[in-house]
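Reading through the structure tokens given below for one structure.
The values are calculated or read from the model by the stated rules, or taken from the named source; none is laboratory data. Just so it is clear, the model here is predicted, and its values are computed rather than measured. All Cβ positions, even for glycine, are placed from backbone atoms using ideal geometry, and neighbour counts span all protein chains on display.
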Amino acid sequence: MRSVREALTASRRAPLLSALGVVTIAFSLFAFGLFGLVAINIRKALDQVEERVEVRAFVSDSADIEQVASAMKDIGEFPEVLRVDYVSQEKALERARREMGEFADVFEAGVLPASIEVHLRPGMRSPAYVRSVADKMKTYQFIDDVRYGEEWVEKLYRLRNIASVSGIALGVAFAVVAIIIIGATIRMTVLARAKEISIMRLVGATDMFIRLPFLIDGLVKGVAGGFLALVFVWIANRVVNEYFMQTIFFDRQMMFLGVVGGAVMGIVGSLVSVGRHLRRI
Amino acid sequence: MIRLTEVAKEYPRSGVALAHVSFELGKGEFVFLTGPSGSGKTTILKLLYMDDKPTQGEVWINGVSSRNATGREISRLRRRIGIVFQDFRLLEDRTAEANVRFALEVTGAPKATIRSKVARVLTQVGLSSKSTSFPRELSGGEQQRVAIARALINDPFVLIADEPTGNLDERATRGVFQLLRDINASGTAVVMATHDLDLVRRSNYRTIELNHGRLVFDSAEPPASGRPIEEPIWPRETPPDATESI
């Protein structure tokens, strides 16, 4: 209770410094949040592309329809498989004509083979899974050929991995910068109270007793900065949606995590700066 | 109660601050620490309240050893030690009463206890009428009395004073010194670092003299190794130890 009171009193004594601290934290978390927003939008785009990963097996003209139906049932029971569709010759022709538009007349009936289209479950769309399903499908005698855009799938996954790794690296870098900035703002408060801290130590205050108000100060500033940053990111998101492109915003869980992240950064920043100061005096 | 055994202190930049210093202080004793600037007085005081650790040797104070004292033990020890400085070290934005109260608050004492104790020590140092004054409204002597009240609030077994009269005029010096004598008379040991040889000569307390980090005289030692206090302790032209306070 005393620590909370101390932390609030410190903020009241230096309102400008405290406000500056919160705004600085908000800006560093804003940069972090913008990056996070870009990251989730890239991820969503990649997910959408990934949903289109499918394995297509072309059925020979002589295939028995019952054989095909039984095979489709088997394939549907593969653990990787989400959905199996049969595309008849007519349907394939209709789809090709629709997709080709003005060149629709190029296709004649019977040119395009019937096929079995297999959609994979989320999380099982990596090249290894796709290849395994394709290989299993090749074992059916009535299947002429299996296509799954091997190169395309591999490229997509490479892109996804690069996005994840660079996302984590940049995220950590932004978090470290935010912690350093929070530490610097808390340090200003610590320096403003250096004499008080040295007297506290002389009269027997424990390090934890001295630290606690600063930790609470860091926590409050982190949370306030987190909220403010969230507002800034939301405004930025609205502007992008209005003038450039449709993007998604953080869901509730992510927003909560963002504010908790601000709080954690506030505490870590205080711990670092107060710890350094206590070692020095 | 306090024992220093073969204590040495060396700083990486400034070199040897203390070497081969050994002495003991008993309960309720009054001891002057004297010596020229840089002789190691302040270093000894810092070792006593464990703001620093010796490079060699050991400092024992009230059952706590410098060799293995934990942070928590040091904090608890400091609650039983009163510390007073030449520059008072008061918080300028708080009243005399708040400055004294501060030392009890950090120990987590109950509010009712704090109120009665603060009133008692302010009366003890003769400042009950100035409890609501801010440090800038008080004279040097009065500010030092507030600092002494703060040092007394936790009923210390020893009061450590680093040049407590260094910034005071003659009259205030006499008043503060008398206060320290009264505190000692009530059973609290006092270790006082000072330049004021008149003060040392006028009183009959034990005197430990340091020079270049070595203990060169202890009036409690047998006369063979000691030197009568009437003789000059060190050349009078030595400038006051103004920079030594921590």
*Which number in (1) modelled with pLDDT under 85; (2) within 27 Å of A:I42 (Cβ to Cβ) marks the one condition that A:V240 misses?*
(1)
*Checklist (1) buried (at least 18 other Cβ atoms within 10 Å of the Cβ); (2) within 12 Å of chain A (Cβ to nearest Cβ); (3) not hydrophobic (A, V, I, L, M, F, W, C) applied to B:T43, failing item*: (2)
_Checking A:R160 against (1) more than 14 Å from chain B (Cβ to nearest Cβ); (2) closer than 30 Å to A:F214 by Cβ; (3) touching a residue at least 24 places away in the same chain (Cβ under 8 Å); (4) out of contact with any Ser or Thr (no Cβ under 6 Å at 6 or more places or on another chain): exactly one of these is not met. Which one?_
(2)
*From (1) touching a Leu at 6+ places or on another chain (Cβ under 7 Å); (2) within 14 Å of another protein chain (Cβ to nearest Cβ); (3) in contact (Cβ under 8 Å) with a residue 40 or more places away in the chain; (4) among the hydrophobic types (A, V, I, L, M, F, W, C), pick out the condition that doesn't hold for B:V125.*
(2)
*Considering the stretch B:47-68 alone, what residues qualify as being within 14 Å of chain A (Cβ to nearest Cβ) and either in a strand (DSSP E or B) or of a type in the set (G, A, S) (or both)?*
B:I61, B:V64
*asked:* Looking at the structure I just gave you, is A:A96 assigned to a helix (DSSP H, G or I), at pLDDT below 85 and in contact with a Lys or Arg (Cβ under 8 Å, 6 or more places away or on another chain)?
replied: no
*Count, please, the residues in the stretch B:95-118 that happen to be within 23 Å of the chain's Cα centre (by Cα) and either within 14 Å of another protein chain (Cβ to nearest Cβ) or of a type in the set (A, V, I, L, M) (or both).*
13
*Tally the residues that are under 23 Å from B:D93 (Cβ atoms), surrounded by 20 or more Cβ atoms within 10 Å (Cβ to Cβ) and hydrophobic (A, V, I, L, M, F, W, C), restricting the search to the stretch A:216-234.*
1
_Six or more apart or on different chains, Cβ atoms under 6 Å: show the pairs whose first residue is in the stretch A:254-269 and on the phi > 0 side of the Ramachandran plot and part of a helix (DSSP H, G or I) and whose second is crowded, with 17+ Cβ neighbours inside 10 Å and not aromatic (F, W, Y)._
none
*All but one of (1) of a type outside the set (K, R); (2) more than 11 Å from chain A (Cβ to nearest Cβ); (3) more than 19 Å from A:I197 (Cβ to Cβ) hold for B:P135; which doesn't?*
(3)
*Condition broken by A:V118, with the remaining ones in (1) part of a helix (DSSP H, G or I); (2) more than 30 Å from B:I153 (Cβ to Cβ); (3) touching a Lys or Arg at 6+ places or on another chain (Cβ under 8 Å) satisfied*: (1)
_Among (1) free of Cβ contacts under 8 Å to residues at least 40 places away in the same chain; (2) more than 13 Å from chain A (Cβ to nearest Cβ) - the single one B:G71 does not satisfy_ = (2)
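So, B:Q86, is that one closer than 15 Å to A:I199 by Cα, surrounded by 15 or more Cβ atoms within 10 Å (Cβ to Cβ) and more than 13 Å from every other protein chain (Cβ to nearest Cβ) or not?
Working: closer than 15 Å to A:I199 by Cα: yes; surrounded by 15 or more Cβ atoms within 10 Å (Cβ to Cβ): yes; more than 13 Å from every other protein chain (Cβ to nearest Cβ): yes.
Judged against the criteria, B:Q86 is a match.
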_Looking only at the stretch A:204-215, how many residues end up being more than 27 Å from B:I81 (Cβ to Cβ) and within 11 Å of chain B (Cβ to nearest Cβ)?_
0
*Quick one: would you say A:G275 is part of a helix (DSSP H, G or I), away from chain B (no Cβ under 14 Å) and not β-branched (V, I, T)?*
no
_Candidates B:L77, B:L48 - the one that is out of contact with any helix residue (DSSP H, G or I) (no Cβ under 7 Å at 6 or more places or on another chain) and closer than 13 Å to B:L4 by Cβ_ = B:L48
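Would you check if there is a residue in the stretch A:76-92 being of a type in the set (S, T, Y), surrounded by fewer than 18 Cβ atoms within 10 Å (Cβ to Cβ), without any contact (Cβ under 8 Å) to a residue 40 or more places away in the chain and part of a helix (DSSP H, G or I)?
Checking the stretch A:76-92: not a single residue is of a type in the set (S, T, Y), surrounded by fewer than 18 Cβ atoms within 10 Å (Cβ to Cβ), without any contact (Cβ under 8 Å) to a residue 40 or more places away in the chain and part of a helix (DSSP H, G or I).
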*(1) at pLDDT 95 or above; (2) under 17 Å from B:F23 (Cβ atoms): which one isn't true of B:S225, the others all being true?*
(1)
*Give me the pairs, please: first residue somewhere in the stretch A:187-203 and more than 8 Å from chain B (Cβ to nearest Cβ), second residue anywhere and buried (at least 21 other Cβ atoms within 10 Å of the Cβ) and not in a helix (DSSP H, G or I), beta-carbon distance under 9 Å, and either six or more positions apart or on two chains.*
A:I197/A:A205
